[in-house]
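Chemist: After the structure tokens below, expect a handful of questions from me.
The values are calculated or read from the model by the stated rules, or taken from the named source; none is laboratory data. Keep in mind that this is a model prediction, so the values were computed, not measured. Please note: Cβ atoms are built from the backbone with ideal geometry, for glycine as well, and neighbour counts cover all protein chains shown. With ligands, DNA and RNA removed, areas are computed over all heavy atoms of the protein, side chains included. Shrake-Rupley method; radii C 1.70, N 1.55, O 1.52, S 1.80 Å.
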Amino acid sequence: MINKRQVYNLFFILILLLSNIIILLNNLSLATSTLIFCILINSLSLKLLCYNTLIDIINKKFKLINFFYLKTYISFVFGIIFNFNNIKKIGFKYGLNITSEYIPLSLCFIILSILVFKYSYKYSPIFIKTKQSTSNNTKYLTIIILSTILTCLKTYLILSNYIGYGMKDINNESSLFISIYLIFENLITIPLIYLYIFKNIPNKIKLLFLILIIINIALGFLSGMKEDIIKIFVILFLFSYFFKEFDIKKIIIPILIFLILYPISNNYRSNINSGFYNNKTEALQNAFFVTLNDGINLTNSYNNYSDRSDISFYYYSAFYVKNKWYEYQELNRYIFLPIYWFIPRIVWNDKPKKNIGNEYYQLLTNRTSINSQSIGTFGWAYLEGFFSGLFPFALLGLFIKNFQYFFDRNHNLFSFLIVNIFLIFLLKLENDIFFFITGLLKSLFLLMLILKILRINKI
């Protein structure tokens, strides 16, 4: 009789063989030694990152580290090895003569980072003291009022071009206000999704929740920030899969809607970049008409999203740009980690800035632009220095271990809000770890404060 473990082992061996065959066939132009190295790294990465992860996902075990491991393998390890020919083509557009020279170094940095993360996650102490608790308190009216107020504020900020794609430059006072709003932005849709999925609420209340969620999806398109739309679909899917009886039929329609609307978002962002339109509403209207006239192609929608989300090239480009990068290096920001999150820029003029994506894009392209390009969590870490860049992953392991411990013992609104922050980071792996942790600390403080004031911290 074949047990589950044997089935998992057979499945893993099949994935291992198929992935290595694909790598072999797709990289015949590489030197034999490099090709063998890639196959060995792919095999090691699958064991380190994917074996237990896939078992946990199949068994619906919710672990934050699994999202980190899966994203690391798909976008960085397999992304480089399998996608190397495409990396060379993209490099040509930027004037980079991409070769296989940095394949060993780039992959070794990822493996070392993962080993540091694993060691930290396993041996870091638990500094969060909490008792296991749940609550059945339901303050629907408070959630609806809060979400409505924040939705109105979000609409104003988008229409005034304070937030969203192509937003205008802002002063320190406005920056402080907007940074606080962006933390409270988590209180717009996540509480609605949480209550919609986990609480037995009247149908009329559910309808109000659904309307507010749809309005915020529409605002996501108006802002031009695709992440605002994607994260709602993703959180709905993940919460439903891991914590409820999952019905795949319920997510097919949302996925199709997203793929259909994605080209509209692309055209809208192009309109904003053109500078031809007076306001975002006019640019969005034109994007709808252009998309309808050109026709909607689901294959192109998927390919556009795949191209956008694949950051393997930008990570690899860091090894070419490293000698030109003079921003944050050798962990010189990390001494400010304990105080960075609560001192406003209006007080601290030299406070490290988060717009490193824009600075990197300008360095890569040698031209001024409003575009901001992430080189991935591993890329930002590498720019700190090869060995110095391993330290942020030790910190990440410490934080994830502690908040996994907290979440496992507290299934309430606050814990799901924090898990949402982690999920968005781990599913993208685009952000610099320093700015993620400082943003997390600020979010923790303000969310605890506002939920306590509104007495909804134990919903």
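Chemist: Listed residues Tyr196, Tyr165, Tyr181; which is aromatic (Phe, Trp, Tyr), over 30 Å from Leu398 (Cβ atoms) and either assigned to a helix (DSSP H, G or I) or modelled with pLDDT of 75 or more (or both)? Full working, then the answer.
Modeler: Values: Tyr165 fails: either assigned to a helix (DSSP H, G or I) or modelled with pLDDT of 75 or more (or both); Tyr181 fails: over 30 Å from Leu398 (Cβ atoms).
Just a single option satisfies the conditions, and that option is Tyr196.
Chemist: Kindly establish whether Phe209 is buried (at least 18 other Cβ atoms within 10 Å of the Cβ) and at pLDDT 75 or above.
Modeler: Values: buried (at least 18 other Cβ atoms within 10 Å of the Cβ): yes; at pLDDT 75 or above: yes.
The answer is yes for Phe209.
Chemist: From the list Ile65, Ile57, which one is modelled with pLDDT of 95 or more and within 30 Å of Ser415 (Cα to Cα)?
Modeler: Within the list Ile65, Ile57, the selection yields Ile65.
Chemist: Need pairs with beta-carbon distance below 8 Å; first residue closer than 17 Å to Phe78 by Cβ and within the stretch 92-106, second open to solvent by 50 Å² or more (accessible area, probe 1.4 Å) and not in a helix (DSSP H, G or I); sequence gap 6+ or separate chains.
Modeler: Ser100/Ala31
Chemist: For Tyr102, indicate whether it is at pLDDT 90 or above, surrounded by 14 or more Cβ atoms within 10 Å (Cβ to Cβ) and either in contact with a Cys (Cβ under 6 Å, 6 or more places away or on another chain) or of a type in the set (Phe, Trp, Tyr) (or both).
Modeler: For Tyr102, the condition - at pLDDT 90 or above, surrounded by 14 or more Cβ atoms within 10 Å (Cβ to Cβ) and either in contact with a Cys (Cβ under 6 Å, 6 or more places away or on another chain) or of a type in the set (Phe, Trp, Tyr) (or both) - is met.
Chemist: Is there a residue being over 23 Å from Asn186 (Cβ atoms), open to solvent by 70 Å² or more (accessible area, probe 1.4 Å) and modelled with pLDDT of 70 or more anywhere in the stretch 292-311?
Modeler: Yes, some residue in the stretch 292-311 is over 23 Å from Asn186 (Cβ atoms), open to solvent by 70 Å² or more (accessible area, probe 1.4 Å) and modelled with pLDDT of 70 or more.
Chemist: Another question about this same structure. Pairs under 8 Å by beta carbon, first residue of a type outside the set (Lys, Arg) in the stretch 196-212, partner open to solvent by 80 Å² or more (accessible area, probe 1.4 Å), six or more apart or different chains?
Modeler: Correct list of pairs: Ile197/Lys244; Phe198/Lys244.
Chemist: Check whether at least one residue in the stretch 393-400 is modelled with pLDDT of 90 or more and among the β-branched types (Val, Ile, Thr), and report yes or no.
Modeler: yes
Chemist: Follow-up question, since we're still on this one. Sort through Lys4, Lys47 and tell me the only one that's of a type in the set (Lys, Arg) and closer than 22 Å to Phe109 by Cα.
Modeler: Testing whether each residue is of a type in the set (Lys, Arg) and closer than 22 Å to Phe109 by Cα leaves just Lys47.
Chemist: Still on this structure, I have one more. Being within 16 Å of Tyr315 (Cβ to Cβ), touching a Ser or Thr at 6+ places or on another chain (Cβ under 7 Å) and not β-branched (Val, Ile, Thr) is the requirement here; does Asn66 meet it?
Modeler: Criteria not met by Asn66.
So that you can scan it fast, the table gives a plain yes or no per residue for (1) open to solvent by less than 30 Å² (accessible area, probe 1.4 Å); (2) closer than 24 Å to Phe425 by Cα:
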position	(1), (2)
Gln6	no, no
Leu10	no, no
Leu28	no, no
Lys47	no, yes
Leu64	yes, yes
Phe78	no, yes
Lys93	no, no
